[in-house]
1. Tell me, which residue of segment 18-42 that is out of contact with any helix residue (DSSP H, G or I) (no Cβ under 9 Å at 6 or more places or on another chain) and of a type in the set (D, E, K, R) is modelled with the lowest pLDDT?
2. Do you know which residues across segment 69-100 are among the small types (Gly, Ala, Ser) and in a helix (DSSP H, G or I)?
3. Which condition does ASP45 not pass, out of (1) under 17 Å from GLU19 (Cβ atoms); (2) modelled with pLDDT under 90; (3) of a type in the set (Asp, Glu), if it passes all the others?
4. So, of the residues in segment 50-105 that are over 14 Å from LEU35 (Cβ atoms) and polar (S, T, N, Q), which turns out to be farthest from the chain's Cα centre (by Cα)?
5. Filtering segment 72-98 down to residues that are touching a strand residue (DSSP E or B) at 6+ places or on another chain (Cβ under 7 Å) and of a type in the set (Val, Ile, Thr), which residue is modelled with the lowest pLDDT?
6. Restricting to segment 51-68, name every residue that is surrounded by 15 or more Cβ atoms within 10 Å (Cβ to Cβ) and assigned to a strand (DSSP E or B).
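The values are calculated or read from the model by the stated rules, or taken from the named source; none is laboratory data. Just so it is clear, the structure is predicted and the values come from calculations on it, not from any experiment. Cβ sites come from the backbone with ideal geometry, for glycine too, and all protein chains shown count toward neighbours.
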Amino acid sequence: MAEHDHNHDHDHNHDVEDEVIVLEDEDGAEHRFILGDVITVEEQDYAILLPIDDDLEEGVIFRIDGEEDEQMVLADIESDEEWQKVVDAYNAYMDELEGEDDDEE
């Protein structure tokens with residue numbers, strides 16, 4: 001899912017967890033996601049989108065390029081260097097969360 005039209009529908013009467021973001025892939029198929037989290041890397045925010053449809057197993061990450069009409073403007077991460085920084089930060093974040101879960105047991 002490298003290329004996307006960033007059409008996304010939001011119902012702002014619900015919590016963030018309930019908002020469904022619809023992305024269209026390069027073949028025109030729509031996939032539904034929820035906003036799993038937002039991480040910040042070098043003062044830039046990135047949206048972690050988690051699939052809610054059974055046809056996708058992995059989430060996706062997009063750069064948040066501000067808001068337009070109260071909706072996030074999502075952009076592809078095009079440089080390999082930026083992508084690696086975001087993936088590294090996300091993995092560190094997930095490791096930290098898993099460490100907190102282990103501490104609670």
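1. Residue satisfying both the conditions and the ranking: ASP18.
2. ALA89, ALA92, GLY99 - these are the residues of segment 69-100 that are among the small types (Gly, Ala, Ser) and in a helix (DSSP H, G or I).
3. Tallying (1) under 17 Å from GLU19 (Cβ atoms); (2) modelled with pLDDT under 90; (3) of a type in the set (Asp, Glu), ASP45 fails exactly one: (2).
4. Among residues in segment 50-105 that are over 14 Å from LEU35 (Cβ atoms) and polar (S, T, N, Q), the one farthest from the chain's Cα centre (by Cα) is SER79.
5. VAL73
6. PRO51, VAL60, ILE61, PHE62, ARG63, ILE64
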